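Engineer: One structure follows; several queries about it will come next.
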Amino acid sequence: MTSLVDQNLENRTRHGSARSQETAPDVDQDAVDQIAPAASAEPEAPITDDLPDIIDVVMEMGRTPEKPPAEAPSPRPVAANSRLPAHLDALADRARDYVEAASSANTRRAYASDWKQFASWCRRQGVEMFPPDPQVVGLYITAQASGKATVDKKPNSVSTIERRLSALTWNYAQRGQPLDRKDRHIATVMAGIRNKHAAPPRQKEAVLPEDLIAMLETLERGSLRGLRDRAMLLLGFAGGLRRSEVVGLDVGRDQTEDSSGWVEFFPDKGLLVTLRGKTGWREVEIGRGSSDATCPIVALETWLKLGRIAHGPLFRRVTGQGKAVGAERLNDQEIARLVKRTALAAGVRGDLPEGERGKLFAGHSLRAGLASSAEVDERYVQKQLGHASAEMTRKYQRRRDRFRVNLTKASGL
């Protein structure tokens, strides 16, 4: 593979392009819970820098792209009136909003960090980032898998490498220079990395009903924070919701710009949660429980009443030494911390050392708990979790009867 670097160096000398003086530090990112993007040790670039300027996109259509600066983190914005008539400024601003809405903020931050990491590696190796070279990318993912692209020399996981490859593909596409991931220098190397380094998926522990009841007992009943946390745990479990879906809810429809959905109460029946997901809108029905102590509807009604919340974000920070409710929406990381904290306090999986127990619980534990404990037709669980296939739902069912169908006996043996 060394010859590939030498060849790239020759190309670089022939083109005579200058390298940028960027000195961003190298970072190592490991895969986080499920598919959430890993946090970077590098300073984060502003979200707006992760996106191409829409005016550049429009004006460059049909034009032969010029070679970008070697390590520019993203295309630099250009004044609107220098490219488009002034009366189109407002329309261009709206187009930028739609470009930003095409991906989540977490995804853009992760992709920006991965792009910087790749730029730093290219600079250290003396190779060019542009035009996209599958041979260079193949060397890069090889370095990622071998640990030679990280500060601590620790190999990255396969899921991290795949996400970084997706980040490179996305960033190159935004610059009008697509990267061919099917090229043999990338596809064959990536296949080898998967075969040699891929590990079985590590699933989070499911929080079962008896576990959840014990976790609720660890919360302070007479405090606003305790009431809020109680409502979040019960709503996340009964709805099979992701942590981002829980904190993204509003009291009603079209109340905030950063909302991912809203709730609607049906007296004596339950709660309808309308969510905006990756594939569109979906509705989740949450019925009333058999006991007020464990009913998600009662818990949510109590929180809204005593927290005096009638409009805007459903779950917010509790301020003033726990005596007031702020206007700020909670971060989805709060759900993961809440599940882990209460599970440890309740002694869930007490048969394991505390350090090991702490790694078992996260936001997905609530979804897995519902999927594992609901004794109903699998189709209803699949619909509640918003899965496109029954196979995905079965991955969440930790204690299902794996040998219910015995093909050995069915075949006559």
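The values are calculated or read from the model by the stated rules, or taken from the named source; none is laboratory data. Just so it is clear, the model here is predicted, and its values are computed rather than measured. No Cβ is skipped: glycine too gets one built from the backbone with ideal geometry, and neighbour counts run over all protein chains shown. Note: areas computed on protein heavy atoms with side chains; ligands, DNA, RNA excluded. Shrake-Rupley method; radii C 1.70, N 1.55, O 1.52, S 1.80 Å.
Engineer: Report the net charge of residues surrounding GLU356, where surrounding means a beta-carbon distance below 14 angstrom and charges are Lys +1, Arg +1, Asp -1, Glu -1.
Structural biologist: Numbers: positive: ARG202, LYS204, LYS340, ARG349, ARG357, LYS359; negative: GLU205, ASP351, GLU354.
Here the count lands on +3.
Engineer: Would you pull out the residues with amide H under 5 Å of GLY277's amide H, same chain only if 5 or more places away, H placed 1.01 Å from N?
Structural biologist: Hits under the 5 Å cutoff: ARG282.
Engineer: Given LYS116/LYS153; LYS154/LYS383; LYS359/LYS395, which pairs have Cα atoms separated by over 29 Å? Let's see the in-between values first.
Structural biologist: Working: LYS116/LYS153 18 Å; LYS154/LYS383 40 Å; LYS359/LYS395 19 Å.
LYS154/LYS383, as the Cα separations exceed 29 Å there.
Engineer: For segment 274-321, what % of the accessible area comes from carbon and sulfur atoms, probe 1.4 Å? Provide the component values of the computation, followed by the final result.
Structural biologist: Numbers: 1360 of 2850 Å².
Heavy-atom surface of segment 274-321 belonging to carbon and sulfur, 1.4 Å probe: 48 percent.
Engineer: Between segment 137-201 and segment 348-391, how far is it from one alpha carbon centroid to the other, in angstrom?
Structural biologist: Comparing the Cα centres of segment 137-201 and segment 348-391, I get a distance of 30 Å.
Engineer: Determine ³J(HN,Hα), in whole Hz, for all residues of segment 258-265 in sequence, where each value follows from phi through the Karplus function 6.51 cos²θ - 1.76 cosθ + 1.60 and θ = phi - 60°; x replaces Gly and Pro.
Structural biologist: Going residue by residue, I get 9, 6, 10, x, 8, 10, 9, 8 Hz, with x marking Gly and Pro.
Engineer: Which of rounded, prolate, oblate describes segment 184-242, given a ≥ b ≥ c as roots of the alpha-carbon gyration tensor eigenvalues and a/c under 1.5 marking rounded, otherwise prolate only if a/b is larger than b/c? Present the calculation step by step, with values, prior to reporting the outcome.
Structural biologist: Numbers: a/c = 4.46, a/b = 3.39, b/c = 1.32.
Cα axes put segment 184-242 in the prolate bin.
Engineer: In a shell of Cβ-Cβ distance under 15 Å around LEU330, excluding LEU330 itself, what net charge do Lys and Arg (+1) and Asp and Glu (-1) give?
Structural biologist: Spelling it out: positives minus negatives among the neighbours equals +3.
Engineer: Going by Cα centres, segment 274-312 and segment 243-260 are how many Å apart?
Structural biologist: Cα centroid of segment 274-312 versus Cα centroid of segment 243-260: 12 Å apart.
Engineer: Over segment 121-183, what number does the Rg to Rh ratio reach, with both radii from the alpha-carbon atoms and Rh per Kirkwood? Could you put the intermediate results ahead of the total?
Structural biologist: Numbers: Rg = 11.6 Å, Rh = 12.1 Å.
Result: Rg/Rh = 0.96.
Engineer: Moving on. Which whole-number percentage describes the relative contact order of segment 211-347, with Cα contacts under 8 Å and a sequence gap of 6 or more? The partial results should precede the final answer.
Structural biologist: Details: 224 pairs, mean separation 39.9, N = 137.
Here the relative contact order equals 29 percent.
Engineer: In addition: On average, how much accessible surface per residue is there in segment 263-325, in Å², for a 1.4 Å probe, leaving out ligands, DNA and RNA?
Structural biologist: On the way: 3800 Å² over 63 residues.
Using a 1.4 Å probe on heavy atoms only, each residue of segment 263-325 averages 60 Å².
Engineer: Among 308-317, 191-200, what's the highest-first ranking by average C-beta atoms within 10 angstrom per residue? Don't skip to the answer; put the middle values down first.
Structural biologist: Values: 308-317: 16.9, 191-200: 11.5.
Descending packing order for the listed peptides: 308-317, 191-200.
Engineer: Still on this structure, I have one more. So what is the relative contact order for segment 323-399, in percent, with contacts set as C-alpha pairs under 8 Å and at least six apart? Can you show the working numbers first?
Structural biologist: Values: 50 pairs, mean separation 19.7, N = 77.
In percent, rounded to a whole number, it is 26.
Engineer: Can you tell me the order of 167-178, 330-341, 240-251 when each peptide is scored by its average per-residue count of other Cβ atoms within 10 angstrom, highest first?
Structural biologist: Details: 167-178: 18.0, 330-341: 19.6, 240-251: 23.3.
The most tightly packed comes first, giving 240-251, 330-341, 167-178.
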